Structure formats: structure tokens, C-alpha cells
1. Confirm whether B:Ala111 is surrounded by 19 or more Cβ atoms within 10 Å (Cβ to Cβ) and either within 8 Å of chain A (Cβ to nearest Cβ) or in contact with a Gly (Cβ under 7 Å, 6 or more places away or on another chain) (or both).
2. Being under 19 Å from B:Ile183 (Cα atoms), of a type in the set (A, V, I, L, M, F, W, C) and not in a helix (DSSP H, G or I) narrows it down to one of B:Val81, B:Val102, so name that one.
3. Scan the range A:164-185 residue by residue and report those that are more than 7 Å from chain B (Cβ to nearest Cβ) and either surrounded by 23 or more Cβ atoms within 10 Å (Cβ to Cβ) or not charged (D, E, K, R) (or both).
4. Quick check on my filter: what residues within the range B:35-53 are in a helix (DSSP H, G or I) and open to solvent by 40 Å² or more (accessible area, probe 1.4 Å)?
5. Among the listed residues B:Ala193, B:Ala157, identify the single one that is at pLDDT 95 or above, of a type outside the set (Asp, Glu) and part of a loop (DSSP other than H, G, I, E, B).
6. Out of (1) within 12 Å of the chain's Cα centre (by Cα); (2) of a type in the set (S, T, N, Q); (3) under 23 Å from B:Met155 (Cα atoms), what's the single condition that is false for A:Thr70?
7. Working carefully through the options A:Arg32, A:Arg93, find the one that is touching a residue at least 40 places away in the same chain (Cβ under 8 Å), within 27 Å of A:Thr182 (Cβ to Cβ), within 23 Å of the chain's Cα centre (by Cα) and open to solvent by 70 Å² or more (accessible area, probe 1.4 Å).
8. Which count do you get for residues in the range A:152-162 that are open to solvent by 20 Å² or more (accessible area, probe 1.4 Å) and more than 8 Å from chain B (Cβ to nearest Cβ)?
Number of protein chains: 2
Amino acid sequence: MTAAGDTQRRQRADARRNIAAILDAALACLSRDPDASIGDIARTAGVGRVTLYGHFPTRAELVDAVFARTLAEADETLNTVDLTGDPRAALARLVASSWQIVNRHRALLQAAQRTIGSGRIREQHEIPHQRVQALIKRGRREGVFRTDLPTTWLMAAFHNVLHGAADEIAAGRLNEKAAGRTIVATLLAAFTAPGQLVQQVPL
Amino acid sequence: MTAAGDTQRRQRADARRNIAAILDAALACLSRDPDASIGDIARTAGVGRVTLYGHFPTRAELVDAVFARTLAEADETLNTVDLTGDPRAALARLVASSWQIVNRHRALLQAAQRTIGSGRIREQHEIPHQRVQALIKRGRREGVFRTDLPTTWLMAAFHNVLHGAADEIAAGRLNEKAAGRTIVATLLAAFTAPGQLVQQVPL
């Protein structure tokens, strides 16, 4: 083991620690204020602006990275949800795990909308979108979810009702304790075809 | 009639014309690009920046004014919609008139979200919100719309499904010709209580 090798390893470990501290700080700052500045984030991370810019040359790259890390963490949680069995019960379980993630990261999403744009946000949502899509498609095949409207539209409804609930909670018009049940009750009805009975929320 | 009076009247007429030209230009520019600058808008209006700033001291005041004028015009259209009779058919008529207004002004709404904020946007939406609220409340009293979820939540669903449709059209995932029927079919189902049959879209 050489002294030069030691130095390199120490520098790499420092860089990893700095990146983690910057991403943690960015998440904390952007969650409080979607317009939080690079200066705020560097200060919170305890690093200089030059160090921050060394890792993330633009604010957009930093927002992109923290958004990607947050989605990857969310994905680990959502991967544990059992999506087998009755598609309605599976939808209820997926909503129960999803809405709190959406609600917690409402301000971060606003930062991403203002910085990286809706096209890139959608790219980053590919895995959660595929999960919702697979469940809706199975529900349609099994005759449980409506087929008179396109799958992409039902996916949009899933997305909009979850994000709409986060907005209503933030505005003080929806009780956080009632949110999960309210979202499921809305989506189960919205996914029911004309001429069919709306089912109770399965629990 | 004095020469001074003439001059004053001419100045007031000039000011009115300038304000109208600035608001027209702001609507055109912000509809193309929600981040359109004061310079772009002044150029399109054919007035100098000093003249524009004389009427609208900040970009936010200009966005606020063009948003208010657009909502007032929308309101004139929506006031002609017959909201009597079967609440479901009334909802279908209200959606048919509303969604195109929402769709046409999607970029202007984005400009407003970035500039004047969601609290002020909501204040400006008071009249359309009251219209939707009155219809939903009547539908609930008449046993047609669900009462297991709050009226405010059903109003949010109305808002989110309409705006979500505009996003889906902009992204090329929803056919503009199918949008009205798709929105109505989604809301009628979403507004149906558990244990009730979802009705066909009335036309």
C-alpha cells in the first residue's frame, strides 16, 4: 500500500461523503422551499460553493440528482407492496404506500417542475409508472377496471388524484388521516365502468 | 369644451388602448411561453417598456391582470351553461364548456403558478369554484353524487381531472376530440358512491 494510494482512497471517500451531504442538504432545503439557492444548500451541507459546483456544475443537475435519489428510495419501498390478488385490494395497498411519499415530496416535485421540466420528471418516473400500468392492465384483463377509457388515462388519473390530494392537504382542506382512504375511494369509483357497481374500499 | 379637456380625454383613450394592447400581447406571449419576458410583451404590444411599466409596475402585476381578464371572459361563457335539471347532465354540459378553456390557457396558468402563486390563483377562481360547488352540492342533495367524501374533495377532483386532461393533450397522450367525453366519464364514475351503479355519459 503506497502513500499516494492512501491519499487517493481518502479523496474518494471525502468526495462520496460530500456528495451524500450535498444531496441530504438539497432534499432538506428544497423540501422547505422549492426555490432554495445553491448557497443555502452548500451552507446546510457544510461545504463550500466551489466543492458543491465541483460535483454538480448547475443547480438543475443537483435538483435532478436529488430527485433521482428520492425516486430510487421510494422505489425500494414500493417494491415491497404486494400487488397480487384482487386488483382493487392491490390498488388500495399501492395507494397506501404511495400517497405519503408523494405528500412528503410535494415541494421537491415543485422544485423539479421549475428546474428540470415535465419531460425529465416523467423519464425519472418510469419505474413507478410501469408498476401502476401493470396493475391497471391486469385489472382490465380481469374485468375489474374499466376498459372504455385508455390505460394511459387511468394512469394519469392515478397520478393526478395522488398529487391533488397532496395539494389539498397542503392547503388545509384535506385531513392527512383521511387522505389514503379518500384517494382509494375516488380511484376505485373512477376506474369503474358505466353499468357497474362501485365497490367499497377493500381493507 | 377646452383644449386641455380634449388633451386629457385623448390621453385617457391612449392609455386604455395601450392597456388593452399590453394585455392582448401578454396573453399571446405567455400562451406561447409561460416565461415570456416584459421585453417580449412590450415588443408584441408595440409599446415601449416605460409605457408598459407605467401601467404594470411589475411582471407579477401584469400576469395577475391578464389572468383576471381571462377568467372574467371565461366566466361570461360559463354563465350561459344551463346547470338546471339532472345534475349528471348539468355536469356534462359544464365540463363541455370548461375543459377547452382550461386547455387553451394551460401555459397562462403555468405562468401564473410561477409568478402570482397558488393562493392568488385560487382567489381569482372564486366564481368558477362557486359554480362547481353549487352543482356538486345540489347533486349530493338529490342523491345523485356521493356524500361519503367531502364537497371540497369532489371540487378538487373536478379541477384536477380537467387540468390533468390538458396536460395529457399537451403530451400527445389524449386525443383532443375524445377529451370532453373522457373527462365526463371519469368524473361521473368518481362521483358515484360505493354500492351505486356508474351511469352512462348523458348527452
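The values are calculated or read from the model by the stated rules, or taken from the named source; none is laboratory data. A quick note: this is a predicted structure, and the numbers were derived from the prediction, not measured. Glycine also receives a Cβ, built like all others from the backbone with ideal geometry; neighbour counts cover every protein chain displayed. Keep in mind that these areas ignore ligands, DNA and RNA; they rest on the heavy atoms of the full protein, side chains included. Shrake-Rupley method; radii C 1.70, N 1.55, O 1.52, S 1.80 Å.
1. Taking the combined requirement at face value, the residue does not satisfy it.
2. B:Val81 is the lone residue from the list that is under 19 Å from B:Ile183 (Cα atoms), of a type in the set (A, V, I, L, M, F, W, C) and not in a helix (DSSP H, G or I).
3. Selection gives A:Ala165, A:Ala166, A:Ile169, A:Ala170, A:Ala171, A:Gly172, A:Asn175, A:Ala178, A:Ala179, A:Gly180, A:Ile183, A:Val184.
4. B:Asp40, B:Arg43, B:Thr44, B:Arg49, B:Val50, B:Thr51, B:Tyr53
5. Only one candidate passes the filter, namely B:Ala193.
6. Unmet condition: (3).
7. Unique residue meeting the criteria: A:Arg32.
8. Going through the range A:152-162 one residue at a time, the tally reaches 1.
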